[in-house]
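Okay, so here's the structure we're looking at.
The values are calculated or read from the model by the stated rules, or taken from the named source; none is laboratory data. Because the structure is a prediction, the values reported are computed rather than measured. In this analysis, Cβ positions are derived from the backbone assuming ideal geometry, glycine residues included, and neighbour counts consider all displayed protein chains.
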Amino acid sequence: MGWFPWLCQLLCLLLFSLDFQANFSSSLSPSPTPPQCSDFESAALLQFKGTFSINNASAYLCNFVGTKSYPKTNSWMEGTDCCRWKGVVCDSASGHVIGIDLSCSWLYGAITSNSSLFLLRHLQRLNLAYNDFRGSNISPEFGGFASLTHLNLSSSGFSGKIPYSSISQLSTLVSIDLTVRNYGLLQVEEHTLRGLVQNLTKVRVLVLNGVNISAVDPGSLMNLSSSLISLSLNNCGLRGRFPQNIFHLPNLRMLSLSGNRDLSGYLPKTNWSGPLVSLSLWSTSFSGELPDSIGNLESLTYLDLAASTFSGSVPRSLGNLSQLIYLDLCANGFTGHISFSLAKLTQLDHLSLCSNQLVGLIPDQVSLFHKISFLDLAYNFLNGTLPTWLYSHSALEFLYLQGNNFTGQIKEFQQKSLVYIYLGNNKLQGPTPNSIVELVNLTKLSLESNNLSGIVELDMFSKLQNLQVLDLSSNNLSVKSNIDVNYTLPNLFMLFLSSCKLRDFPKFVIALTNLNRLDLSNNGIHGMIPKWLGNVGKNSLSYLNLSNNFLTYLEEIPWNQMQILDLHSNLLQGKLPFLPPTTTFFSISNNSLSGGISSQICNVSFLSILDLSRNNLGGTIPQCLVNFSAYLSVLNLKMNKFYGIIPFSFANDCGLKYINFNGNQLEGRLPPSMAGCRYMEVLDLGNNKINDTFPQWLETLPELQVLVLRSNQLHGFIHGCKSAHCFSKLQILDLSNNDFTGPLPSEYIANLKSMRNQRRNDGSLQYLRDIGSYGYTYDYSVVVAIKGFDRELVKISAIFISIDLSNNKFEGEISTDFGKLISIRGLNLSHNSLNGHIPQSIGNLTVLEWLDLSSNKLVGKIPMQMVDLTSLSFLNLSYNQLVGPIPQGNQFNTFENGSFEGNLDLCGFPLNKACSGNENQQSPSNDSDSEYGFGWKVVLLGYGCGFVFGVAVGYLVIVTRKPKWLGTLVDW
């Protein structure tokens, strides 16, 4: 997939430079009796050669583009005619050096302004591409080549600002390539680019890939020469609106603007035709619908619009592009069906429509795309069965259909050309086809997350000696492995067999010495982790997932390159193992480990995720654990037996986003140094013995979304905000079961902006999580009280909003600001000393699901506005001093006596006490369901016993799999 776009663009560049090559080989060819070059120019060339050493570090770039690399200057010898040296061309009449091609010549060193190169004033063509000039600036002396027509300094390590006088004055230039490998090494200011555009009236090829022109208005390009054939500005930092008139340049054959994420624009809707051969707008912000006029580009062979913001349907006019070889529309917003007109693209080799919103079937035509070798329709909403032509297409090599809604069985393959098969995350059923084992060229097979069934013998893959990736995870397959194995898969480096009903470690794995990734999670593997597994990929294994099995013991972690290691939810006992220094993710939660945390773990300097929760670990938390690495973003030690104080030495550049110490025996004060964790999103210190006043410095954490300090020994007043944006992103606040006094923290409540914004449940829930740079995500979890029961949210939805201030000593009235928290789902102010009336504004909380104001000193009537709380499924107003009739209608018709008991002067349903005549109240008639309501149901789960409350956005789980703990797990 990666080489084809490069090849197409390379072919186009070669096409555009045909005149250069032809002239270079004919008009510059030496005559039968050429004059020798002058001693002056020969000496200048030898002096130029002497400023460099020979180093082939850049040779790989030449190999990548298919160009031979060797040190051409080795042929430059004093006393010989320089016109016969490699890479040197002389004028046939005068003998002057007019061409130098030292591309891919292994040159290593700097080019300064006093370089003898600039003495060669007759140069017409200069190619220094693919060398290493060690960050040299482009000297203004380049502007002295008055006759220069072709200049190529591509990928040669130049840096700095391109001076106006160096390039913009070369009015005879026809072709210029200043490509840099790393964005920003070269910079062009606007006046320089304007000069280049205005003065280079003859330029036909302009390539500035990777050059920083972010300070340039794209409008500066409007006056480019009408003779322009090729314009390539990939990864230049361009921003703003791209001038549409450039699409209309009469001779333009190649236009590439890829990698400019902030560059916007539209394709011409009318009068768009011309000789365009290649158009690449990959990873830009071009938008709008693809115009029908694109079908007028009859010479187009390469079209890449991937990762942009186009929308609408794929136009039928694309079928007019009879020369098209490469088409990539991935990662846009295209909708509708796959157009049958694409079947007319008889030359098409590469078709990518992935990551859009396409629906319907893949056209089932035998003649469709008869030359296609690469088909990517992944991550759409396509359905139906797989078309029959996919199984017999003799040219098809790469097939990506994962992430759709395909159904039916996978039929037998009738051809052997397939190299990649990706069919995961669909709804395919039935057995795996036997013909897979005949696909001798197959290197990657991914069938995960379907409904495939039956028995799969791993021995069946023994014929696939080229196999590199095998993924059968998350089906209904029973995968079997023979005890006696007499075969190897020497190229296999990724093996994923999660949820495959394995009972033992597959024995064929023992021979996979180069394995890089192994996932055997969610199986029934029992017993110790065998010692032989330590030799599997000992120097190559970087990802290992053995979670959710019944493993009992791990002696050590022997893999030298391990990065991601997941052992959670097993029966592992013993001490915490030492980690390899390369580890970035380590989870061994929900096991039976004992002992303490050694300070050795602080030597793992790239560790990003550390989850040791739900074990029997104890002792104090090492001081170094909170400051040893700026990479550490997740630290989860909940439900262990740690004691002592929380380390006081959090680093100033602390990178922690998630800290969970819930359910330990920690005491003392909260460390103020934690304020250095500016990226903190979740802080859960509940169920400890922390003795402190409210840590007001917490309000300075700008990203804090979840704060749980419940069940500690916190005390005193909670004062008002001292920072401008205190707790503005908070969505879960739990200070329950402490000894806070004084009024409710009304200033904080008034500043909870995240709770005041309307949040719609559009069906695409987002969760609070850490997205690592090594290919994993870590879902944050937290313990909260929901409707009177403690739950653990194993996933925290962005629409879960709650406040729990119960079981404290707060007093005074309930602020009307609570009624402005229109996104809140749960509010618990019970067991305090609150007085006054229930604010009528509570009726504004239309998505509120549970409300507990019990055991306070509230007076007055229950506001009639509370009948509008149509999502409310739990209400507790008991043991207050409320009076008058209980409102009727909607959810109030479902509440029982317990919601209102202990209020002696309340009357009406559901209480037995009837209201007097003047207290009777009319019941509202509407009984609607909120679009934000969560339904609740009970589901049996698991190993041992338990129950699950399913909710629209997740699930509740009480697990009793292990006798050492009882947890309530909630995915919300």
* **Options Tyr60, Tyr70, Tyr130; residue that is at pLDDT 95 or above, out of contact with any strand residue (DSSP E or B) (no Cβ under 9 Å at 6 or more places or on another chain) and closer than 16 Å to Ser154 by Cβ** => Tyr130
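Residue-by-condition table, conditions (1) at pLDDT below 95; (2) at positive phi; (3) touching a helix residue (DSSP H, G or I) at 6+ places or on another chain (Cβ under 9 Å); (4) buried (at least 17 other Cβ atoms within 10 Å of the Cβ):
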site: Asp328; (1), (2), (3), (4): no, no, yes, yes
site: His350; (1), (2), (3), (4): no, no, yes, yes
site: Ser355; (1), (2), (3), (4): no, yes, no, yes
site: Leu358; (1), (2), (3), (4): no, no, no, yes
site: Leu368; (1), (2), (3), (4): yes, no, yes, yes
site: Asp376; (1), (2), (3), (4): no, no, no, yes
site: Leu382; (1), (2), (3), (4): no, no, no, yes
site: Trp389; (1), (2), (3), (4): yes, no, no, yes
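Quick check: anything in segment 162-170 at pLDDT 95 or above, small (Gly, Ala, Ser) and closer than 23 Å to Phe242 by Cα? Steps first, please.
Step one: filter segment 162-170 for residues at pLDDT 95 or above, giving none.
No: segment 162-170 contains no residue that is at pLDDT 95 or above, small (Gly, Ala, Ser) and closer than 23 Å to Phe242 by Cα.
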* Could you pull out the residue among Asp39, Asp91 that is among the charged types (D, E, K, R) and buried (at least 18 other Cβ atoms within 10 Å of the Cβ)? => Asp91
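Scanning for something of a type in the set (Phe, Trp, Tyr) and more than 16 Å from Asp292 (Cα to Cα), does segment 303-324 turn up at least one residue?
Of the residues in segment 303-324, the ones of a type in the set (Phe, Trp, Tyr) are 310.
After this cut, where a residue has to be more than 16 Å from Asp292 (Cα to Cα) as well, the list is none.
Looking through segment 303-324, none of the residues is of a type in the set (Phe, Trp, Tyr) and more than 16 Å from Asp292 (Cα to Cα).
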* To do: Scan segment 874-911 for residues that are among the polar types (S, T, N, Q) and either more than 20 Å from Glu813 (Cα to Cα) or touching a residue at least 60 places away in the same chain (Cβ under 8 Å) (or both) and jot them down.
  => Asn876, Gln888, Asn890, Gln891, Asn893, Thr894, Asn897, Ser899
* Name every residue in segment 330-348 that is surrounded by 15 or more Cβ atoms within 10 Å (Cβ to Cβ) and either more than 31 Å from the chain's Cα centre (by Cα) or not in a loop (DSSP other than H, G, I, E, B) (or both), in order of residue number. => Phe334, Thr335, Ser341, Leu342, Ala343, Lys344, Leu345, Gln347
* Mind listing whichever residues of segment 818-838 are under 44 Å from the mean Cα position of the chain (by Cα), surrounded by 18 or more Cβ atoms within 10 Å (Cβ to Cβ) and in a loop (DSSP other than H, G, I, E, B)? => Leu821, Ser823, Ile824, Arg825, Leu829, Ser830
* To do: Kindly provide the set of residues from segment 422-436 that are farther than 20 Å from Leu396 by Cβ and surrounded by fewer than 14 Cβ atoms within 10 Å (Cβ to Cβ), ordered by number.
  => Lys427, Pro431
* Among (1) assigned to a helix (DSSP H, G or I); (2) at pLDDT 95 or above - the single one Ile862 does not satisfy -> (1)
* Which ones in segment 361-385 are in a loop (DSSP other than H, G, I, E, B) and under 29 Å from the mean Cα position of the chain (by Cα)? -> Leu361, Ile362, Ser373, Leu377, Ala378, Tyr379, Asn380
* Which ones in segment 73-119 are in contact with a strand residue (DSSP E or B) (Cβ under 6 Å, 6 or more places away or on another chain), in a loop (DSSP other than H, G, I, E, B) and farther than 19 Å from Ile138 by Cβ? -> Gly87, Asp91, Trp106
* Asked: Within segment 145-168, how many residues are in contact with a Pro (Cβ under 9 Å, 6 or more places away or on another chain) and not aromatic (Phe, Trp, Tyr)?
  -> 3
* **Only one of Thr513, Thr488, Thr552 that is in contact with a helix residue (DSSP H, G or I) (Cβ under 7 Å, 6 or more places away or on another chain) and among the polar types (S, T, N, Q)** => Thr488
* May I ask you to list the residues in segment 204-231 that are touching a residue at least 60 places away in the same chain (Cβ under 8 Å) and not aliphatic (A, V, I, L, M)? => Arg204, Ser230
* Those residues that are farther than 21 Å from Gly135 by Cα, part of a loop (DSSP other than H, G, I, E, B) and β-branched (Val, Ile, Thr), I need them from segment 184-212; list them, please. => Thr201, Val203
* Structure fact -> Those residues of segment 679-699 which are closer than 21 Å to Cys602 by Cα and out of contact with any helix residue (DSSP H, G or I) (no Cβ under 8 Å at 6 or more places or on another chain) amount to Tyr679
